[in-house]
Amino acid sequence: MESLKVLNLRNNQLNGDFPQNIPRTCNLRTLDMSENLLQGQIPLSLASCTALEFVNIGDNQIHGTFPCHFTAMSNLCVLVLRSNKLYEEIGCLPSHNTWQMLQIIDLSSNGFGGTLPASLLASLEAMKANKDFDHLQCQFLDYYHYEHHYEDTMSATLKDLRLELIKILTIFTLIDFSSNRLEGPISNTLGDLKALYVLNLSHNAISGSIPPILGNLHEIESLDLSVNYLNGSIPPQLANLDFLSLLNLSNNYSFEGNLGLCGLMLNKSCSITTNGTEEVGDNGDDDDSEKKWFYMGISLGFVVGF
């Protein structure tokens with residue numbers, strides 16, 4: 001067991017309780033138990049596997065609270081607990097142990113409640129684009145041992161599509177807290193994660209306005225805040241997100257004060273000019289920032305729901 005680095009039992013018909021007696025001599029770097037029928041709780045003894053970099057226990061029937069004992073895994077780069085029966089708040093008491101290397105965290109489709117975990121988000125150094133931080137320290141992606149070759153793989157929701165990531169790029173970053181019971185405002189701490197590529201907070205009970213600081217996420221490609229209770233105006237700072245290819249704000253409470261928005265659901269027509277660009281009908285606003293936001297919305301094809 002001491003020489004075992006990879007344990008992948010993914011996509012079988014394994015059932016029963018998750019094994020609780022993990023040996024103290026554990027040297028695993030990859031643990032993939034996803035897509036099975038495992039029940040019970042995540043074992044406390046898994047904290048003995050301090051070398052773990054890739055943990056995927058998603059798509060099972062695991063119950064319990066957020067695994068704070070995982071903070072002992074200082075090299076953790078990927079944590080997937082998607083589609084289980086986990087509950088209560090996300091996050092742990094302050095600790096000297098942090099997940100500075102974590103670049104993918106998927107907690108979607110559980111029963112987590114409370115507010116967004118500001119302290120946990122603040123510890124994610126690999127998502128902050130810090131020039132003094134080595135983003136290539138995660139070497140879990142490829143194992144070569146004589147003639148044997150192994151690559152970590154996982155599935156993730158990217159731009160509304162479920163995709164299989166056969167080869168995970170060392171710079172790829174993702175936070176998916178969708179389909180839980182999170183409430184309260186969007187934490188301003190998210191604005192510090194300037195190396196974040198995918199953020200999905202959809203299908204929760206998050207309220208308040210969209211913080212303008214999200215305009216700092218210059219690498220973001222997919223931002224999904226749909227099916228919440230957000231209101232207020234859409235920050236014009238989002239128009240500066242040059243790599244954004246999916247923005248979903250549909251099915252929220254209200255987005256008043258966005259004079260540049262138009263379309264069928266808003267009872268405001270969009271007219272086409274002679275040069276092929278869209279203009280807002282019904283006395284649309286002429287402010288440059290509003291127009292810039294409107295044009296970006298048209299190119300993305302997003303619809304804001306009421």
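Laboratory data are not the source of any read-out in this text; all were calculated from the coordinates shown. None of the values given here were measured: they were computed from a predicted structure. Backbone-built Cβ (ideal geometry, glycine too); neighbour counts: all protein chains shown.
Provide the FRET efficiency to the nearest 0.05 for the residue 24-residue 85 pair, computing r from the beta carbons and using R0 = 41 Å. Please list the in-between numbers first.
Working: r = 28 Å, r/R0 = 0.69.
My answer for the efficiency is 0.90.
Using θ = phi - 60° and the Karplus curve 6.51 cos²θ - 1.76 cosθ + 1.60, what whole-Hz ³J(HN,Hα) does each residue of segment 26-40 get, with Gly and Pro shown as x?
Each residue's phi maps through the Karplus curve to give 4, 10, 4, 10, 10, 10, 10, 10, 6, 6, 10, 10, 6, 10, x Hz.
If the chain between residue 269 and residue 153 were fully stretched, how many nm would it gain, using 0.36 nm times the residue separation less the Cα-Cα distance? Provide the component values of the computation, followed by the final result.
Details: separation 116, 0.36 × 116 = 41.76 nm, distance 4.53 nm.
Once the chain is fully extended between residue 269 and residue 153, it gains 37.2 nm.
At R0 = 22 Å, how high is the FRET efficiency between residue 72 and residue 240 if r is their beta carbon distance? Nearest 0.05 is fine.
According to the calculation, E is roughly 0.05.
Quickly work out the residue 63-to-residue 4 label distance, labels modelled 7 Å from Cα along the C-beta direction, and quote it in nm with one decimal.
Each label point lies 7 Å from its Cα, and together they span 2.7 nm.
Can you compute the equivalent ellipsoid semi-axes for segment 1-126, i.e. the square root of 5 times each eigenvalue of the Cα gyration tensor, sorted largest first and rounded to whole Å? Kindly include the intermediate steps, with their values, before the conclusion.
On the way: eigenvalues 91, 69, 31 Å².
In descending order, the three semi-axes are 21, 19, 12 Å.
If you wrap a convex hull around the C-alpha atoms of segment 201-255 and split its volume per residue, what is the figure in Å³? Write down the numbers at each step before the final one.
Working: hull volume 3.6 nm³, N = 55.
Looking at segment 201-255, the number lands at 66 Å³ per residue.
Taking 0.36 nm per intervening residue step and subtracting the Cα-Cα distance, what contour gain separates residue 12 from residue 213 on full extension? Don't skip to the answer; put the middle values down first.
Details: separation 201, 0.36 × 201 = 72.36 nm, distance 4.29 nm.
Residue separation times 0.36 nm, minus the Cα-Cα distance, leaves 68.1 nm.
Cα gyration tensor of segment 3-46, axes a ≥ b ≥ c as square roots of the eigenvalues: rounded (a/c below 1.5), prolate (a/b > b/c) or oblate?
Working: a/c = 2.75, a/b = 1.30, b/c = 2.11.
In terms of gyration-tensor shape, oblate.
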